[in-house]
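Before any comments, here is the structure.
No value in this document is a laboratory result; all are computed from the given coordinates. Values in this document were obtained by computation on a predicted structure and should not be read as measured data. When we count neighbours, we look across all protein chains shown, and the Cβ atoms used for this are built from the backbone with ideal geometry, even at glycine.
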Amino acid sequence: MKFIDCIKRRFFKTKEYSLLDTFGCPECPPQDCPTFLERQVHKRFQSAIQSYNIIVVYGESRQGKTWTIERYCPLQIRIGCNANMTLDQIKLEMLHLVGQDIRKIEHTVTEEYAEGCQASSDIGNEMLVKAGIDASLSMAHKETLTTSYETLDMTRNIEFLNAVKSGVQNRYFVFDNFHYLLPAVQQQFCALLKEFNYQGIKIIIVGVWKDASRITALAPDLVNRCAHIDIGSWKKSELDEVIHKGEIALNIEIDEDAIRLFEDCSANNIGIFKDFVQKYCQRFDIDKTQNTKRLLADAESAQLVAQEVVGEAYLPLHDRLVNLAMPQREKRDSKHMRQKIIISVLRLIITNSTTATSGLSLAAIKSEMDKLSEELQGEKIGISNLTQELGLLHQREENRQTGINYIPLFYFDKANKKLLVLEPTIYEINAYNQEMIKDIVHELVEGLENKVACS
């Protein structure tokens, strides 16, 4: 294959690509990305847009959800969700994007009063004239009443739906980063999905959760009425194909050892994988297609790139885990549950790195927490209390109070009794150097021991 590619490049003029278009991972995909790979999930998505009004595209961050929609659903209207949005703001944005802005209309009525007679505006004046009375002399005073009203009543769903329907013209509304919305707003929006579907208004919801039932749990009426597209993780064979396509586009050859290192550290995440490869190419001053083929082979550079990418991800992850485990305000009777949960979860990720990506079972978390309680010679936490706290874990991060957009670290799939890790950098760091995750565990255990000793 490489020999054929070499012949083609030698005898036929080839297109020039930039490094960013080849191994970059921007929010909006380039028009002509040489490393774009059509996967099975893309076929499922194409089938879904032919058959369903409501589609849910979900899965790990940076796995290609947005790229899939941009590529195969050109008729779309995108709305980027954020933590501060209310349901009314979402409705107004939908109306605005289809050219149905709500306007205020003012209506003015002038009332005129005369001695022994009351007249209203021009009609009153006309009556006075016919009676032979000078209206200007007979006038005692004039009153003007101005009222205003909106062209659309937002409290009436049918008015809102009809307005949206009249302007949408068979396009899909794409609600990107749906997970940023507050849980209450998600609930309110999902309550409208049945009506959207009934009216033929097409909706695509995009989020980072990993369980297919997330939206239908909020909107039970949509069971069997919407399509769920799991973007999934990338296979190593697919990552190899991306590399091969990129090598052809840039006229380079990347050392196999470097590729294996980056694949191992990326945790089957295409976005993270491209970060490694892009930075590796930059070390060789590769910014576009090369005139003559270049071999990129330097073990030290590969290690330095891995160290750099992982290092950039570590500190934010460390702070988020510590803040989640040790809240500033903790109930006296909490038994430091959150801290114990995070310690147990991280230990399970360390010891089950190959299977953890599919989720950590409730039974495994309970068993690990029981071991931790024995180490601390403390009371074990009941299964019902543990289940309740796991169910709220994705809402517990302190920055939720500041309205900052963020991807929750964890989400508990109640139906399957599994805790899902939503932040892929946990696996990235664990794959590169488990000691970094162990350091966080050690810090949390040490803090917990101090709390227990003081209580």
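Brief remarks on what is shown
- Taking a ≥ b ≥ c as the square roots of the eigenvalues of the Cα gyration tensor, the range 384-455 is classed as rounded, since a/c falls below 1.5.
- Potential extension, K417-S367 segment - 0.36 nm per residue separation minus Cα distance: 16.6 nm
- Vicinal HN-Hα couplings computed from phi for the range 176-185 (Karplus, 6.51 cos²θ - 1.76 cosθ + 1.60; Hz; Gly/Pro x): 7, 6, 4, 5, 5, 5, 4, x, 5, 5
- Computed FRET value (nearest 0.05) for Q188 with S51, which takes r as the C-beta separation and R₀ as 25 Å: 0.40
- Calculated on the alpha-carbon coordinates, the convex hull of the range 154-247 measures out at 143 cubic angstrom per residue.
- If R0 equals 30 Å, the separation of the Cβ atoms of R171 and L20 corresponds to a calculated FRET efficiency of about 0.55.
- Distance (nanometres) between label positions extended 7 Å along Cα→Cβ at V452 and Q395: 3.0
- Counted charge near L75, where neighbours are those whose Cβ lies closer than 13 Å (Asp, Glu -1; Lys, Arg +1): +3
- Cβ-derived FRET efficiency at R0 22 Å, A297 paired with E238, nearest 0.05: 0.45
- Between amide H atoms placed 1.01 Å from N, distances below 5 Å from E60 occur with G232, all of them 5 or more places distant or on a separate chain.
- Rounded if a/c under 1.5, otherwise prolate or oblate - the range 48-95, Cα gyration tensor axes: oblate
- Cα gyration tensor shape for the range 237-347, rounded if a/c is under 1.5, else prolate or oblate: prolate
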